[in-house]
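Asks: Right, I'll just put the structure down here and ask away after.
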Amino acid sequence: MKIHDTNLVYENLPSVMTLLDSVAFMWFVTLVTLGIFSWIALKLWHLHSLPKYLAKERGMQQAKLIFWLCMLGLFWKPLWVLAVIAIVTDWDRAQEWIRGTRA
């Protein structure tokens with residue numbers, strides 16, 4: 001019993017197939033993909049630099065330390081975590097605790 005030959009040719013392609021197979025559509029897909037990746041990288045950069053902006057806004061004395069922790073945190077993430085911890089730490093109370101004195 002023979003059903004079909006093995007060399008069947010399907011010629012009824014959808015009308016949108018010419019658009020999807022064009023070079024212009026591939027450039028569009030490439031540009032949209034690059035745009036999305038660029039937007040995500042920008043948002044991650046803003047999130048990464050948030051501690052240094054907060055330190056500068058609050059006028060903290062350790063703003064330069066937090067800046068450098070954020071920059072070096074690009075290469076080693078625990079430094080960025082230390083910058084976040086430095087932002088939320090009350091340094092006056094920490095100094096009192098270290099010295100063992102009460103104001």
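Asks: Taking the stretch 64-77 as the region of interest, how many residues are part of a helix (DSSP H, G or I) and either in contact (Cβ under 8 Å) with a residue 60 or more places away in the chain or surrounded by 12 or more Cβ atoms within 10 Å (Cβ to Cβ) (or both)? Show your work before the answer.
Replies: Taking the stretch 64-77 first, the residues part of a helix (DSSP H, G or I) are 64-72, 77.
Retained after the next criterion (residues that are either in contact (Cβ under 8 Å) with a residue 60 or more places away in the chain or surrounded by 12 or more Cβ atoms within 10 Å (Cβ to Cβ) (or both)): 64-72.
Here the count works out to 9.
Asks: When you look at Trp80, is it at negative phi and open to solvent by 100 Å² or more (accessible area, probe 1.4 Å), yes or no? Explain how you work it out, then say what you get.
Replies: Numbers: at negative phi: yes; open to solvent by 100 Å² or more (accessible area, probe 1.4 Å): no.
Here the answer is no, as Trp80 does not meet what is asked.
Asks: Could you figure out which of (1) of a type in the set (A, V, I, L, M); (2) open to solvent by less than 100 Å² (accessible area, probe 1.4 Å); (3) under 30 Å from Leu65 (Cβ atoms) isn't true of Met17?
Replies: Of everything listed in (1) of a type in the set (A, V, I, L, M); (2) open to solvent by less than 100 Å² (accessible area, probe 1.4 Å); (3) under 30 Å from Leu65 (Cβ atoms), Met17 misses just condition (3).
Asks: Sort out which residues of the stretch 9-41 are at pLDDT 95 or above and of a type in the set (Phe, Trp, Tyr), and write them in order of number.
Replies: Trp27, Phe28, Phe37, Trp39
Asks: Follow-up. Does the stretch 21-56 hold any residues that are open to solvent by 80 Å² or more (accessible area, probe 1.4 Å) and either on the phi > 0 side of the Ramachandran plot or over 12 Å from the mean Cα position of the chain (by Cα) (or both), and which are they?
Replies: Listed by number, the residues that qualify are Asp21, Val23, Met26, Trp27, Phe28, Leu31, Leu34, Leu50, Tyr53, Lys56.
The values are calculated or read from the model by the stated rules, or taken from the named source; none is laboratory data. From a predicted model like this one, the values you see are computed outputs, not experimental measurements. Every residue, glycine as well, gets a Cβ built from its backbone with ideal geometry; the counts of neighbours run over all protein chains shown. Accessible surface areas use protein heavy atoms only, side chains included; no ligands, DNA or RNA. Shrake-Rupley method; radii C 1.70, N 1.55, O 1.52, S 1.80 Å.
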